[in-house]
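Chemist: Please find one structure pasted underneath; my questions will follow.
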Amino acid sequence: MDVKTLLREQMQSLHGTMEAAIGDCSGDAVSKKHPGATINSIGAVYAHTIFSEDGLVNGLIRGGTPVYLAGGWAPKVGVDMPQGGMEPDWTVSFDLSLFRQYAAAVYQSTDEYLASASDADLAKVVDAGFAPAMPTSSFFANILAWHAATHQGEISALKGVQGVDGLVFGH
């Protein structure tokens with residue numbers, strides 16, 4: 001299996017797991033911020049994960065405009081795309097179904113990039129400023145994949161402390 005195919009399969013799997021985790025969340029579960037907690041709400045963690053992938057893949061790696069802006073999602077989702085990391089007190093309020101449509105567009109854009117990327121594209125060094133500079137292929141495997149998996153785990157754990165199954169497959 002070549003690197004490009006492996007990265008596509010890895011990202012598709014992580015996208016599926018993220019959507020399995022968020023898919024059955026109620027509006028209350030998405031917006032609940034636990035008193036005294038140092039972690040944000042499910043909605044903020046989800047939004048941060050999707051915004052980050054969009055900005056990193058479409059802005060940093062591709063050198064273009066994030067799907068959020070290019071696809072007209074900014075006025076639809078009603079949440080401003082933050083610049084940088086997620087602040088602990090960041091609160092979001094959005095229509096989860098609509099935001100998931102934006103997420104699907106981001107996932108599609110990521111997959112399209114990986115499907116069309118040349119060996120030279122995947123070897124190009126990326127410097128995001130928050131991690132050591134590395135080839136694009138390593139950035140996908142080590143940064144983007146880790147980021148999605150980590151935040152999916154946080155979402156599942158936050159669901160668990162609310163008395164909801166953290167990750168249910170088969171939806």
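FYI, it's all coordinate maths here, none of it is from the lab. Note that the structure is predicted; figures quoted are calculated from it, not measured.
Chemist: For Lys76, give me every one of the lysines with a C-alpha distance below 20 angstrom, ignoring sequence neighbours fewer than eight places off in its own chain.
Modeler: Here the lysines satisfying the reach criterion relative to Lys76 do not exist.
Chemist: If the reach is capped at under 23 angstrom between alpha carbons, list the lysines near Lys4, excluding any in the same chain fewer than eight residues apart.
Modeler: Cα-Cα hits under 23 Å: Lys124.
Chemist: Students often forget the sequence filter, so: which lysines lie under 23 Å Cα-Cα from Lys159 once same-chain residues fewer than 8 apart are removed?
Modeler: Lys32, Lys33
Chemist: With N residues in region 7-72, what two-decimal value do you get for its Cα radius of gyration over 2.2 N^0.38 Å? Can you show the working numbers first?
Modeler: On the way: Rg = 14.1 Å, N = 66, 2.2 N^0.38 = 10.8 Å.
Compared with the compact-globule rule of thumb, region 7-72 sits at 1.31.
Chemist: Another question, then. Evaluate the relative contact order of the chain (contact order divided by residue number), counting alpha-carbon pairs under 8 angstrom at least 6 apart; express in whole percent. All intermediate terms of the calculation are to be shown ahead of the outcome.
Modeler: Working: 171 pairs, mean separation 58.5, N = 171.
This gives 34 percent for the chain.
Chemist: Could I ask something else about it? Over the C-alpha atoms of the chain, what are the Rg and the largest Cα-to-Cα span, Dmax, in Å?
Modeler: Final numbers for Rg and Dmax: 15.8, 48 Å.
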